[in-house]
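Inspection log for the structure reproduced underneath, given as structure tokens.
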Amino acid sequence: MIAVALRNLRHRPGGFVATFLSAFLGAALIMAFASLLDTASGADAASNESLVTTASVGGGWCLVIVAFAVTSTLTLAVRQRDQQFALLRSVGATGPQLRRMIVGEAVAVALLASAVAVPVGWALGRVLVDLLQNTGQVASTIDPVFGPVALGAGFGVTLTGSLVAAVATARRTAARDRRRQRPLLRRIGAGLFLLIGANCALLTATLMDGKGIDAMQTAGQAGIWAAIGLALLAPELLRLVTAVLGPVVRLFGAPGELALSGPRLSSAVMPVLLFTGIATGTVYMQGIEDRAAAGQIQPAYAQDIQTLNYVVVGMVTVFVAIMLVNTLIAATTHRRREFAQQRLAGATRGQVTGMVALEGVLITVTGVLGGLVASLFTVLPFGSARAGRVWPDASPAAFGIVAAIAVVLTASALVQTARRTLHGPATAAVRA
Amino acid sequence: MTDVVSLEALYKTYDGGVTALDGVTASFPAGSFTAVMGPSGSGKSTLLQCAAGLDRPTGGRVFIDGAELTATKDTAMTKFRRTRVGFVFQDYNLLPSLTVEQNVVLPLRLAGRRADRHRVREILDRLGLGDRRDELPERLSGGQRQRVAVARALLAQPAVVFADEPTGALDLRSAREVLTLLRSVVHQHGRTVIMVTHDPVAAAYADSVLFLADGRLAGSLRAPTPDAVAERLAHLGDRVGVPA
Ligand SMILES: Nc1ncnc2c1ncn2[C@@H]1O[C@H](COP(=O)(O)OP(=O)(O)OP(=O)(O)O)[C@@H](O)[C@H]1O
Ligand SMILES: [Mg+2]
């Protein structure tokens, strides 16, 4: 079965691009932050502290998001291959054999992705050290080191995340009743993350009140945990939004009806939600901080943190945006046959594209609203702790920009992939 | 009698360079039931798909109900097809996320028309699917799915129904039901049916049989019986093997 796994990788590389990309980017980010710890081991006390703080704050964020991204992409990629698994089972593959195949593929992809990520992680790590040196946090004499911690964390997290996701997905796939997913477990997980998020928010508003910029740590975490919790609830949220917007979507005729009755694309909601939540939360938090700090005497590392915040938001945003496009392309390409069947039943290309666009609207609305709610976990308590006012004294323009980016990314990825998928006669596509 | 479908010198060459149709000219009068037969790979499916506007021939012209299908663009072709042409696929091609009833009315809905609920019920009842209306296709047997596909092809009352091996995946009884249904569509409702099949017994339900070999017409047979069809098919094999 390992042989089949490797052959799958060689002959259908397209099916693994999404998984590879998220593992690669994730490994690179983690290696970059972990390399700060390598650098810290040879540094003076002050530099050491700054490096360790940056690594644990930035790296901690990345760790959670990367683990989540790798897991969800891999799960999606495996689920899309139901047909292949059914076929293999019908010619005599046993459950354990299928499991070995899925896990084997995942490990191979994770290893390859981590290896390719090494030079990128190395370069990003140097950029981070440079940044810290420019703001005077780290002595300029210190040379950036890329050592065992970076490699260990990069390979370790990527491999472990992939392995855990593969084993969990493989168990579900190899079990015959594929339909039976486990919403209960997912919902419990969601509840747990939301609770942690709420707890961080509460801590921020109470314990961290008056602690100035230090409240950022717990406030930032609150938003991320909440975003992950809400992302896990994507199927429920999407159903809710679909029910509310249903009458409007129906106005578009047959494409609208198809958009409402088609398979739910909740996996695409997750990246939109994460992106909106994290970007909005961090931008407004930094805005509150900037206004509160104006004219005050600041600890030396305040500017550092500001830079770091934007760096992290930038990296996470790019990462999640790529994941978003990645997920949408994977999910849409997989629907080649479905689109072809609709066309054989009399749908024009325009109608299929219209259906995809309407689905995109449902996805984006769900993700952006969910992200907005998640960002409040960061913004409200931080505002209360730092500025003494819960609702920030800020214009909604920044949120508008974030939402617009989410819309543009989703729409362009969806429509372009749909266009490509609709190329050629339907009679050929339906057989593929 | 007017011709509902007429094909003029159809050629089809696929990307790989395979010539699937090599100059087929044929016409199908209104109210006729024609079976198309021939060895595997002789171009039967290609012929049906080009004639129905699902695919474009490389050369030649297709007329349906007097309108030249090959002269229109893809979108116009699709719109024409929705209400004037029914197609029954061997592997059904039902949408898995739609119920039986939603699948049946889909072409009409795509055309922006409301389906007459009574008519939908009536067709489903007649096909023995009355109590499966709200079921998803995955919960139906092959025969039931094929009947849903037939119902979908018939609902818009198209001028012509194409069926590509509609009984290929069915047991004897389901096959007989589907064939009887197709025949009644022709003889009671005056529609035109063109059906590809490998089965001489199925072909005998038709009024005439058209034989195809290597992408060319290889004769026809009126008022076919299973024996006569089997006999001709056997000879067709000979002729293909031996150069003229
Ligand atoms: N999409 C395609 N791309 C390339 N070649 C094709 C394609 N579809 C069919 N062909 C080729 O065209 C020829 C005719 O195929 P077609 O499917 O029309 O045969 P058929 O008579 O329906 O066969 P069968 O009885 O097996 O269904 C075959 O040689 C086939 O390999
Ligand atoms: Mg065929």
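Only a single item in (1) under 18 Å from A:Gly59 (Cα atoms); (2) touching a residue at least 24 places away in the same chain (Cβ under 8 Å) is not met by A:Gly314, and it is number (2).
Can we say A:Arg335 is over 27 Å from A:Ile224 (Cβ atoms), among the basic types (Lys, Arg), touching a helix residue (DSSP H, G or I) at 6+ places or on another chain (Cβ under 8 Å) and in the same structural domain as A:Leu203 (by TED's automatic domain parsing)? Yes, satisfied. Candidates in the stretch B:156-169 are the residues that are away from ligand 2 (no atom under 16 Å from the Cβ) and over 15 Å from B:Asn93 (Cβ atoms); of these, the one that is nearest to the other protein chains (Cβ to nearest Cβ) is B:Ala156. Quick one: is B:Gly43 away from ligand 2 (no atom under 16 Å from the Cβ), within 14 Å of chain A (Cβ to nearest Cβ), of a type outside the set (A, V, I, L, M, F, W, C) and surrounded by 20 or more Cβ atoms within 10 Å (Cβ to Cβ)? No, not satisfied. Taking the stretch A:44-73 as the range and being surrounded by fewer than 21 Cβ atoms within 10 Å (Cβ to Cβ) and not acidic (Asp, Glu) as the test, the residues that pass are A:Ala45, A:Ala46, A:Asn48, A:Val52, A:Thr53, A:Ser56, A:Val57, A:Gly60, A:Leu63, A:Val64, A:Ala67, A:Thr71. Scanning the stretch B:175-202 for residues that are of a type in the set (D, E, K, R) and within 16 Å of ligand 2 (Cβ to nearest atom) returns a single hit, B:Asp199.
Taken across the stretch B:59-79, residues that are touching a residue at least 40 places away in the same chain (Cβ under 8 Å), within 16 Å of B:Leu129 (Cβ to Cβ) and buried (at least 17 other Cβ atoms within 10 Å of the Cβ) do not occur at all.
For the stretch A:350-358, indicate whether the set of residues that are within 14 Å of chain B (Cβ to nearest Cβ), free of Cβ contacts under 8 Å to residues at least 24 places away in the same chain and farther than 28 Å from A:Leu132 by Cβ is non-empty. Checking the stretch A:350-358: at least one residue is within 14 Å of chain B (Cβ to nearest Cβ), free of Cβ contacts under 8 Å to residues at least 24 places away in the same chain and farther than 28 Å from A:Leu132 by Cβ. For the stretch B:132-150, state whether one or more residues are away from ligand 2 (no atom under 16 Å from the Cβ), away from chain A (no Cβ under 14 Å) and closer than 19 Å to B:Thr225 by Cα. Scanning the stretch B:132-150 turns up no residue that is away from ligand 2 (no atom under 16 Å from the Cβ), away from chain A (no Cβ under 14 Å) and closer than 19 Å to B:Thr225 by Cα. Residues in the stretch A:74-126 that are part of a helix (DSSP H, G or I), small (Gly, Ala, Ser) and surrounded by fewer than 17 Cβ atoms within 10 Å (Cβ to Cβ): A:Ala86, A:Ser90, A:Gly95, A:Ala115, A:Ala123. Scan the stretch B:38-54 and tell me whether some residue there is within 16 Å of ligand 1 (Cβ to nearest atom) and β-branched (Val, Ile, Thr). Yes, that holds for at least one residue. State yes or no: is A:Phe382 closer than 19 Å to A:Ala227 by Cβ and of a type in the set (Phe, Trp, Tyr)? Spelling it out, A:Phe382 is indeed closer than 19 Å to A:Ala227 by Cβ and of a type in the set (Phe, Trp, Tyr).
Restricting attention to the stretch B:182-224, the residues that are within 16 Å of ligand 1 (Cβ to nearest atom) and aromatic (Phe, Trp, Tyr) total 1. Is it the case that A:Glu338 is within 14 Å of chain B (Cβ to nearest Cβ), in contact (Cβ under 8 Å) with a residue 40 or more places away in the chain, within 18 Å of A:Leu273 (Cα to Cα) and not polar (S, T, N, Q)? So A:Glu338 does not fit the description; no. Exactly one residue among B:Arg147, B:Arg152 is in contact (Cβ under 8 Å) with a residue 60 or more places away in the chain, closer than 26 Å to B:Leu54 by Cα and assigned to a helix (DSSP H, G or I), and that residue is B:Arg152.
In the set (1) away from ligand 2 (no atom under 16 Å from the Cβ); (2) at pLDDT below 90; (3) under 23 Å from B:Leu98 (Cα atoms); (4) surrounded by fewer than 19 Cβ atoms within 10 Å (Cβ to Cβ), the condition left unmet by B:Leu172 is number (3). The conditions of being in a helix (DSSP H, G or I) and either in contact (Cβ under 8 Å) with a residue 60 or more places away in the chain or within 11 Å of chain A (Cβ to nearest Cβ) (or both) are not met by B:Phe87.
Considering B:Leu21, B:Leu48, B:Leu106, the condition of being within 16 Å of ligand 2 (Cβ to nearest atom) and within 13 Å of another protein chain (Cβ to nearest Cβ) is satisfied by B:Leu48 alone.
Being among the β-branched types (Val, Ile, Thr) and farther than 21 Å from A:Ala23 by Cβ is the filter here; which residues of the stretch A:128-161 pass it? I'd like the intermediate steps shown before the answer.
Of the residues in the stretch A:128-161, the ones among the β-branched types (Val, Ile, Thr) are A:129, A:135, A:138, A:141-142, A:145, A:149, A:157-158, A:160.
The answer is A:Val129, A:Thr135, A:Val138, A:Thr141, A:Ile142, A:Val145.
Applying the condition of being part of a strand (DSSP E or B) and of a type in the set (A, V, I, L, M, F, W, C) to the stretch B:164-199 and asking which residue is farthest from B:Thr2 (Cα to Cα) yields B:Val196.
Note on the stretch A:395-427: residues that are without any contact (Cβ under 8 Å) to a residue 60 or more places away in the chain and within 14 Å of chain B (Cβ to nearest Cβ) amount to 3. Just wondering, is there one or more residues in the stretch B:109-121 that are facing chain A (nearest Cβ under 10 Å) and loosely packed, with under 14 Cβ neighbours inside 10 Å? Taking every residue of the stretch B:109-121 in turn, at least one turns out to be facing chain A (nearest Cβ under 10 Å) and loosely packed, with under 14 Cβ neighbours inside 10 Å. A:Phe377 satisfies every condition listed in (1) on the phi < 0 side of the Ramachandran plot; (2) away from ligand 2 (no atom under 16 Å from the Cβ); (3) within 14 Å of chain B (Cβ to nearest Cβ); (4) of a type outside the set (Lys, Arg) except (3).
Is it true that some residue in the stretch A:202-213 is of a type in the set (Val, Ile, Thr) and either touching a strand residue (DSSP E or B) at 6+ places or on another chain (Cβ under 9 Å) or not assigned by TED's automatic domain parsing to the domain that holds A:Gly354 (or both)?
No - not one qualifying residue is present in the stretch A:202-213.
The values are calculated or read from the model by the stated rules, or taken from the named source; none is laboratory data. All figures in this text were calculated on a predicted structure; none of them were measured in a lab. Cβ atoms come from the backbone with ideal geometry, glycine included; neighbour counts cover every protein chain shown.
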